[in-house]
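Here is the structure we will look at.
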Amino acid sequence: WEKPLLVTKCDTEARPGYNTCKAHEYKDTPTVLAAKVKKLAEMVREAKRCTAYTGAGISTASGINDYASKAKDSKALQRPVLKTPLAAKPTLAHRVMAGLYKAGYLHHWVQQNHDGLPQKAGYPQDALNEIHGAWFDPSNPVVKMSGSLRDDLFDWMLDEEQKTDLCLAMGTSLCGMNADRMASTPAEKALKGKALGTVIVSLQQTKMDNLASLRFFCTIDEVMASLAEELKLPYDKEGQPYQYPRPAKKVFWGKRCHVTKAMPIVGACYVSTSASAKRHYLSSDAYEKLSSEDKGRYRDIGKPKKNDMVDVFDVPYDSNGNLLPEGKRDRMLTIDLRKGAKIIMTFGSFKGDKGTVLGTDAAGHFKIMLQHDVEKKYHHGQKHRPMSRRTLGRFMVEAAVNGRLEHLPFVNR
């Protein structure tokens with residue numbers, strides 16, 4: 001390929017103290033970029049197990065800071081200003097990645113960031129390993145440099161490391177983190193003809209560039225937009241974050257559709273009228289598929305009651321947070337996330353710690369105050385403090401309602 005152009009000169013180390021390069025920034029020419037995208041599309045189509053491995057660079061366009069952009073005129077620093085990083089919206093790259101997953105091209109995502117942007121873009125929680133911690137999962141606090149990775153997430157990463165034949169390493173400086181194995185292992189396998197290898201996308205050089213099967217010097221959004229066009233991939237082009245249904249949209253929070261098992265029911269809701277049988281609820285889609293005779297056995301509830309089980313959910317887990325087998329979900333566990341509800345952590349870093357729901361933020365995510373044991377040594381390097389505020393993403397609740405979390409990290413007490 002023709003060499004990339006130097007667009008930002010900066011002699012400062014990108015990640016001081018790590019195995020890093022200078023913070024110079026480069027860009028491929030349009031002709032080279034187009035040719036590389038065609039090759040990337042071929043690799044994505046061919047891959048049997050494609051995994052994304054992303055760092056802070058994928059989120060800078062949303063307004064979230066990174067670590068490696070040092071130059072004052074850095075291309076990565078041209079981003080919006082956020083009141084709080086919790087309010088960040090997914091970038092185009094996040095939305096394309098969600099589209100790649102839905103189309104069957106992307107199978108797994110190991111995320112070094114904590115920002116919840118993949119889930120906000122519609123990427124499923126159960127296919128995402130937030131290996132360094134998560135702002136929207138109270139059971140997975142951010143791991144400090146003095147801490148260690150959570151055992152179950154580390155084991156999950158090792159399993160995916162061996163399965164992956166194509167890694168998309170994007171926005172990461174690849175400076176020697178434990179999780180960098182997600183990029184180095186497929187790259188080393190490719191040298192032996194046993195994998196497609198690793199594709200690296202970033203503006204800056206990395207110490208793994210010589211191992212890359214394909215190397216882009218470009219913004220991640222530009223590469224992902226071009227890849228989506230090459231693959232004719234449908235994805236969310238509007239850029240509105242995925243949101244769980246809210247009460248303003250006529251949501252029957254405490255009602256589960258008897259046919260689809262979806263909960264809550266959004267839109268029209270119908271209830272069985274038989275006095276002898278157990279009461280069943282149907283969504284409008286399920287109701288419309290009934291015969292005229294069967295429709296007569298249901299009535300339209302109308303509008304949900306103002307206090308009709310708002311933020312109370314039935315989930316297919318037992319009282320210890322263990323997922324119930326498919327055939328044993330007749331009795332669901334009810335979780336109450338209304339303001340003032342008491343919870344206890346059943347899994348993850350804070351297992352056994354108690355908490356209280358403080359309410360919801362502007363986006364509808366749950367605010368939780370956890371109480372900690374100051375004598376306990378937490379794996380992530382947390383300072384000993386008696387209490388901490390945490391956020392539970394509404395997308396985590398959706399995953400739990402659909403039984404897509406291996407463990408429910410909390411129950412009521």
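General observations
- Per residue solvent-accessible surface (Å²) - the chain, probe of 1.4 Å: 48
- For the chain, a Gaussian network of Cα nodes joined below 10 Å ranks HIS280, HIS24, HIS107 by mean-square fluctuation, and the top entry is HIS280.
- Build a GNM of the chain with springs between Cα atoms under 10 Å apart, and of VAL266, VAL44, VAL315 the one that fluctuates most is VAL266.
- A simple count of charges around GLY359, restricted to other residues whose Cβ falls under 9 Å of its Cβ and scoring Lys, Arg +1 and Asp, Glu -1, yields +2.
- LEU82 versus SER148: modelled label distance in nm, points set 7 Å from Cα along the beta carbon direction: 3.0
- Listed by chain and number, the aspartates and glutamates whose alpha-carbon sits under 13 Å from that of LYS339, ignoring those within fewer than 8 places in the same chain, are ASP311, ASP361.
- The orientation-averaged projected area of the convex hull spanned by the Cα atoms of the range 107-206 comes to 6.8 nm².
- Taking Cα atoms only, the orientation of helix 220-231 departs from the longest principal axis of the chain by about 70 degrees.
- A cut-off under 14 angstrom between Cβ atoms defines the neighbours of VAL401, and their net charge, with Lys, Arg +1 and Asp, Glu -1, is +1.
- Mean residue ellipticity at 222 nm, helices only, the chain: -6000 deg cm²/dmol; runs of at least 4 DSSP H residues each add -39,500 (n - 2.57), and the sum is divided by the number of residues.
- Nearest 10 degrees, 0 to 90: helix 30-46 Cα axis against the chain principal axis: 50
- Most mobile of ASN320, ASN140, ASN210 in a GNM of the chain (Cα contacts under 10 Å): ASN210
- Charged side chains reduced to their Cβ positions (Lys and Arg at +1, Asp and Glu at -1) give the chain a dipole of some 1100 debye around its Cα centre.
- The lysines within cross-link reach of LYS102, meaning a Cα-to-Cα straight distance under 24 Å and a gap of 8 or more places when in the same chain, are LYS36, LYS38, LYS39, LYS48, LYS89, LYS120, LYS163, LYS232, LYS237, LYS261.
The values are calculated or read from the model by the stated rules, or taken from the named source; none is laboratory data. Because the structure is predicted, anything quoted here is derived from the model rather than measured. Cβ coordinates were reconstructed from backbone atoms using ideal geometry, including for glycine residues, and neighbour counts include every protein chain displayed. Please note that ligands, DNA and RNA were not included when accessible areas were found on the heavy atoms of the full protein model with its side chains. Shrake-Rupley method; radii C 1.70, N 1.55, O 1.52, S 1.80 Å.
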